[in-house]
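Okay, structure first, notes after.
Throughout, read-outs are computed from the coordinates displayed, never taken from laboratory work. Keep in mind that what you see is a predicted model, and the values were worked out from it rather than measured. Cβ coordinates were reconstructed from backbone atoms using ideal geometry, including for glycine residues, and neighbour counts include every protein chain displayed.
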Amino acid sequence: MRIANVGRAFFALTMIGIGVLGLVRGDFTAVWDPVPKDLPARDALAYLCAFISIACGIGLLWRRTAVLAARVLLFYSLLWFLLLRVPSVLFSFAIDSWWSACKTAAMTAGAWIIYVGSADDWDKQRLGFIAGDNGLRIARILYGLALIPFGIAHFLYLKQTAVLVPGWLPSPVFWAYFTGGAYIAAGAAIAIGVLAWLAALLSALETGLITLLVWVPMAMAGQLSAFQWGEIVVSVALTAAAWVVAGSYRRVQELSLSAALTPRDEPSS
């Protein structure tokens with residue numbers, strides 16, 4: 001199965017899981033949080049988030065409903081980002097604000113890329129800027145910019161990051177620096193379009209390995225705080241978004257690898 005299809009299926013299943021978790025808790029999951037406590041109809045909005053997550057996740061798995069599901073998820077994510085995250089960053093540039101903005105930006109980028117890949121003639125005719133190559137380019141830049149603060153956080157919170165490094169890995173401080181630097185480099189490469197396909201692939205691999213090597217063992221140990229459980233949910237969601245972004249470069253990867261493997265003509269004498 002192609003990486004693009006795997007990433008899309010993983011993203012869809014992740015959205016379903018987020019929605020189910022939201023229904024069980026009766027509150028926003030860490031992916032949608034934070035939401036102001038005094039927001040009108042806050043409880044109803046939490047259930048709406050859960051419903052949209054489940055409905056769109058299921059819809060993405062079926063060809064007949066994929067376009068509608070991708071369209072709804074993209075515009076809902078964009079509204080969430082523009083109405084809740086951007087104002088929060090503008091009025092309070094604290095770590096909670098930009099961390100929340102970046103995770104929402106990454107998820108929005110994933111939803112946007114899926115929408116571009118699913119768009120039909122109606123979307124391309126009426127929403128061409130969003131559903132075409134320009135939309136794909138913006139989504140990739142949005143994802144790249146979101147990675148940079150993730151990496152910076154590793155440096156600003158070095159002690160907290162190093163503690164999370166698995167005990168069997170030597171030099172936890174080195175790995176905290178290395179993973180932070182890798183996120184910054186990958187984000188910059190994707191944003192400016194230099195070896196973006198390789199940067200996206202490596203960022204997906206890094207996020208996936210962090211989820212598997214850091215959060216999964218901690219979850220299995222069963223000694224996590226409510227905050228850490230939320231971080232696991234976010235890590236899985238970001239992994240899903242990362243693989244969607246990486247999958248969007250599949251054609252570029254094939255062309256690059258083909259060019260690298262094709263022998264060059266010998267110069268004529």
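Largest GNM mean-square fluctuation across 201, 73, 127, computed for the chain with C-alpha springs under 10 Å, falls on 127. The stretch 169-238 and the stretch 108-168 have their alpha-carbon centroids 14 Å apart. Between residue 134 and residue 174, the modelled labels are 4.8 nm apart [label points 7 Å from Cα along Cα→Cβ]. Relative contact order of the stretch 3-257, taken over Cα pairs closer than 8 Å and 6 or more residues apart, is 23 percent. Rounded to whole numbers, the Karplus 3J(HN,Hα) couplings from phi for the stretch 239-246 are 4, 4, 4, 4, 5, 5, 5, 4 Hz, using 6.51 cos²θ - 1.76 cosθ + 1.60 with θ = phi - 60°, and x at Gly and Pro. Which one of 184, 90, 132 is farthest out on the positive end of the charge dipole of the stretch 89-195, using unit charges on Cβ (Lys, Arg +1; Asp, Glu -1) and the Cα centre as origin? So the residue furthest toward the plus end is 184.
Largest GNM mean-square fluctuation across 100, 248, 225, computed for the chain with C-alpha springs under 10 Å, falls on 225. Just name one of 208, 160, 224: the one whose Cα is farthest towards the positive end of the charge dipole of the stretch 3-257 (beta-carbon charges, Lys/Arg +1, Asp/Glu -1). Highest projection toward the positive end goes to 208. Helical content of the chain, expressed as a calculated mean residue ellipticity at 222 nm, amounts to -25000 deg cm²/dmol (DSSP H runs of 4 or more residues, -39,500 (n - 2.57) each, divided by residue number, nearest 500).
Using C-alpha pairs below 8 Å separated by at least 6 residues, the relative contact order for the stretch 3-56 is 48 percent. With each label modelled as a point 7 angstrom along the Cα→C-beta vector, the residue 20-residue 157 pair spans 2.8 nm.
Can you pull the one-decimal nm distance between simple spin-label points at residue 205 and residue 86, each 7 Å off the Cα toward Cβ? So the label points at residue 205 and residue 86 sit 3.5 nm apart. The loop-placed chymotrypsin sites (Phe, Trp or Tyr not before Pro) in the stretch 35-70, going by DSSP, that have at most 16 neighbouring Cβ atoms within 10 Å of their Cβ come out as 62.
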